[in-house]
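Chemist: Can you keep this structure in mind? I'll have questions shortly.
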């Protein structure tokens, strides 16, 4: 299978501080990949390079057979709007908008008419257990509800790739797991590839595959062989 | 499927502490609550009850008429209750077995100049795969399954934290091991 999105030897420094040093990573279409690593390892920077938010100093980023790191800002902005979805640690909903308008936002921004955008947004409320929350504003939602609204917003435009940066970082563990369950199930349902950054193993375990970032370099963990040795002992 | 360390004799004593029971009732309840897909063979049920009776922890009633292999009702004794309560209230020994194995492998790898990080990453992948299976069990299973899955998940998570920390310290560890 060819990769849908790929970083090839990506390096990026913030001033004198190198964040990425030749990181390479490849994600197939429909895959859910977790990027793990300690704080400061460069995992969020790698996500931002893949998503066209940051431009690497060197190396290449390819998406769907096209090199994207050398696109101009307008090109990258169009890509982020039309092909990518985003979920961040703190939902970052627009406080002036209702939950429904927040979900519809990516569609409105890409030119869908308001009525059509809201009609697309509405079914997400039932799907994510948010019935009756449509008219609430972000201040009237719990953390878990707000994050589910953010998830709906990230997926509503049926992006090819959903980028999630510590999507459960601000939630308690039970709520976080609900959000992960919903994220993975909804993304699979519509064939969206998910790349998520997390430092929590339990969140990463929802992914099909994991990559470790350490000192600015990425190591893709091979799919585990049917566990022998130590892992098998706790499993059996 | 995740099965926690389980003591069959003490579990049967616990079930008998609830009410006097026939062997097949005990087997049925054991399988329902603790078997987790690994039913207790009848032979083991009766052998265990036999040993418990020999040690004065239970007494067997007279055989009752009826179909089936054995129809004796078992009753827990005072000695049985004491033993069961002691076991129930005693904290179980925390078992850092996995860490010991991991630790041994990491130290040996470093001593032999091999890449311990590759090994730790392989282990990490195996742990994450198992966690994913437990997530599925947690989602699709009943509450009892979910509780067991959680128990497994938290333990695996603790191991992963140790793996993370060890990975971060590999250079220093290598120096310590080789010096």
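Chemist: Test residue B:120 against the criterion of being within 27 Å of residue A:206 (Cβ to Cβ), buried (at least 20 other Cβ atoms within 10 Å of the Cβ) and under 20 Å from the mean Cα position of the chain (by Cα), and give yes or no. Step through it out loud before you land on a result.
Modeler: Values: within 27 Å of residue A:206 (Cβ to Cβ): yes; buried (at least 20 other Cβ atoms within 10 Å of the Cβ): yes; under 20 Å from the mean Cα position of the chain (by Cα): no.
It is false that residue B:120 is within 27 Å of residue A:206 (Cβ to Cβ), buried (at least 20 other Cβ atoms within 10 Å of the Cβ) and under 20 Å from the mean Cα position of the chain (by Cα).
Chemist: Working only within segment A:21-41, note down all residues that are within 14 Å of chain B (Cβ to nearest Cβ), closer than 23 Å to residue B:165 by Cα and out of contact with any helix residue (DSSP H, G or I) (no Cβ under 6 Å at 6 or more places or on another chain). First the steps, then the outcome.
Modeler: Step one: of segment A:21-41, the residues within 14 Å of chain B (Cβ to nearest Cβ) are A:31-41.
Still in the running and closer than 23 Å to residue B:165 by Cα: A:33-41.
Across segment A:21-41, the qualifying residues are A:33, A:38, A:39, A:40, A:41.
Residues are listed down the side, and each one gets a yes or a no for (1) surrounded by fewer than 19 Cβ atoms within 10 Å (Cβ to Cβ); (2) modelled with pLDDT of 90 or more; (3) over 11 Å from residue A:36 (Cβ atoms); (4) touching a helix residue (DSSP H, G or I) at 6+ places or on another chain (Cβ under 6 Å):
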{"site": "A:174", "(1), (2), (3), (4)": "yes, no, yes, no"}
{"site": "A:179", "(1), (2), (3), (4)": "no, yes, yes, yes"}
{"site": "A:183", "(1), (2), (3), (4)": "no, yes, yes, yes"}
{"site": "A:191", "(1), (2), (3), (4)": "yes, yes, yes, no"}
{"site": "A:198", "(1), (2), (3), (4)": "no, yes, no, yes"}
{"site": "A:210", "(1), (2), (3), (4)": "no, yes, no, yes"}
{"site": "A:231", "(1), (2), (3), (4)": "no, no, yes, yes"}
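Chemist: Answer yes or no as to whether residue A:152 is in contact with a helix residue (DSSP H, G or I) (Cβ under 7 Å, 6 or more places away or on another chain), more than 13 Å from chain B (Cβ to nearest Cβ), part of a loop (DSSP other than H, G, I, E, B) and closer than 20 Å to residue A:30 by Cα. Show your work before the answer.
Modeler: Details: in contact with a helix residue (DSSP H, G or I) (Cβ under 7 Å, 6 or more places away or on another chain): yes; more than 13 Å from chain B (Cβ to nearest Cβ): yes; part of a loop (DSSP other than H, G, I, E, B): no; closer than 20 Å to residue A:30 by Cα: yes.
Criteria not met by residue A:152.
Chemist: Would you confirm whether or not segment A:99-108 contains a residue that is buried (at least 17 other Cβ atoms within 10 Å of the Cβ) and outside any helix (DSSP H, G or I)?
Modeler: no
Chemist: I need the full set of residues from segment A:21-43 which are more than 16 Å from residue A:163 (Cβ to Cβ) and in a strand (DSSP E or B), in order please.
Modeler: Across segment A:21-43, the qualifying residues are A:21, A:22, A:24.
Here is a yes/no grid of residues against (1) at pLDDT below 90; (2) surrounded by 13 or more Cβ atoms within 10 Å (Cβ to Cβ); (3) within 9 Å of another protein chain (Cβ to nearest Cβ):
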| residue | (1), (2), (3) |
| --- | --- |
| B:138 | yes, yes, yes |
| B:145 | yes, yes, no |
| B:159 | yes, yes, yes |
| B:171 | yes, no, no |
| B:176 | yes, no, no |
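For (1) in contact (Cβ under 8 Å) with a residue 60 or more places away in the chain; (2) under 19 Å from residue A:108 (Cβ atoms), each residue gets a yes or a no:
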position	(1), (2)
A:136	no, yes
A:152	no, yes
A:158	no, yes
A:170	yes, no
A:179	no, no
A:207	yes, no
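Chemist: Being touching a residue at least 60 places away in the same chain (Cβ under 8 Å) and either exposed (fewer than 12 other Cβ atoms within 10 Å of the Cβ) or within 26 Å of residue B:15 (Cβ to Cβ) (or both) is the requirement here; does residue B:112 meet it?
Modeler: On the way: touching a residue at least 60 places away in the same chain (Cβ under 8 Å): no; either exposed (fewer than 12 other Cβ atoms within 10 Å of the Cβ) or within 26 Å of residue B:15 (Cβ to Cβ) (or both): yes.
Criteria not met by residue B:112.
Chemist: Can you give me the number of residues within segment A:22-38 that are over 15 Å from the mean Cα position of the chain (by Cα) and surrounded by fewer than 17 Cβ atoms within 10 Å (Cβ to Cβ)?
Modeler: 2
Chemist: Sort out which residues of segment A:62-74 are surrounded by 13 or more Cβ atoms within 10 Å (Cβ to Cβ) and over 20 Å from residue A:154 (Cβ atoms), and write them in order of number.
Modeler: If we filter segment A:62-74 for residues that are surrounded by 13 or more Cβ atoms within 10 Å (Cβ to Cβ), which is where we start, we get A:62-64, A:68-69, A:71.
Residues satisfying the conditions are A:62, A:69, A:71.
Chemist: Also: Looking at B:50, B:56, B:43, can you tell me which residue is at positive phi and at pLDDT 90 or above?
Modeler: Working: B:50 fails: at positive phi; B:43 fails: at positive phi.
So the residue among B:50, B:56, B:43 that is at positive phi and at pLDDT 90 or above is B:56.
Chemist: Would you call residue A:128 surrounded by 15 or more Cβ atoms within 10 Å (Cβ to Cβ) and over 30 Å from residue A:7 (Cβ atoms)? Steps first, please.
Modeler: Working: surrounded by 15 or more Cβ atoms within 10 Å (Cβ to Cβ): yes; over 30 Å from residue A:7 (Cβ atoms): yes.
Yes: the conditions hold for residue A:128.
Chemist: A further question follows. Could you look through segment B:96-109, keep only residues that are more than 11 Å from every other protein chain (Cβ to nearest Cβ) and surrounded by 15 or more Cβ atoms within 10 Å (Cβ to Cβ), and pick out the one that is nearest to residue B:35 (Cα to Cα)?
Modeler: Only one residue fits best here, namely B:106.
Chemist: Follow-up. Considering only residues that are surrounded by fewer than 19 Cβ atoms within 10 Å (Cβ to Cβ) and over 21 Å from the mean Cα position of the chain (by Cα), which ones fall in segment A:109-122?
Modeler: A:111, A:112, A:113, A:114, A:115, A:116, A:118, A:119, A:122, listed by residue number.
Chemist: Which of the residues spanning segment A:171-217 are within 10 Å of chain B (Cβ to nearest Cβ), in a loop (DSSP other than H, G, I, E, B) and farther than 30 Å from residue A:17 by Cβ?
Modeler: Those that are within 10 Å of chain B (Cβ to nearest Cβ), in a loop (DSSP other than H, G, I, E, B) and farther than 30 Å from residue A:17 by Cβ: A:205, A:206, A:208.
Chemist: Scanning segment B:113-135 for residues that are farther than 14 Å from residue B:163 by Cβ and more than 10 Å from every other protein chain (Cβ to nearest Cβ), which turns out modelled with the highest pLDDT?
Modeler: B:115
Chemist: Which of the residues that make up segment A:1-12 are modelled with pLDDT under 95 and either touching a strand residue (DSSP E or B) at 6+ places or on another chain (Cβ under 7 Å) or closer than 21 Å to residue B:163 by Cβ (or both)? Break it down stepwise before answering.
Modeler: So in segment A:1-12, the residues modelled with pLDDT under 95 come out as A:1-3.
Matches in segment A:1-12: A:1, A:3.
Chemist: Go through segment A:44-98 and give me each residue that's part of a strand (DSSP E or B), farther than 29 Å from residue A:180 by Cβ and in contact (Cβ under 8 Å) with a residue 24 or more places away in the chain.
Modeler: Our first condition is that a residue be part of a strand (DSSP E or B); within segment A:44-98, this holds for A:58-63, A:66-67, A:84-87, A:98.
Still in the running and farther than 29 Å from residue A:180 by Cβ: A:58-60, A:66-67.
Of everything in segment A:44-98, those that are part of a strand (DSSP E or B), farther than 29 Å from residue A:180 by Cβ and in contact (Cβ under 8 Å) with a residue 24 or more places away in the chain turn out to be A:58, A:59, A:60.
The values are calculated or read from the model by the stated rules, or taken from the named source; none is laboratory data. Nothing here was measured: the structure is a model prediction, and the numbers come from that model. Reconstructed Cβ throughout: ideal geometry from the backbone, glycine too, with neighbour counts over all protein chains shown.
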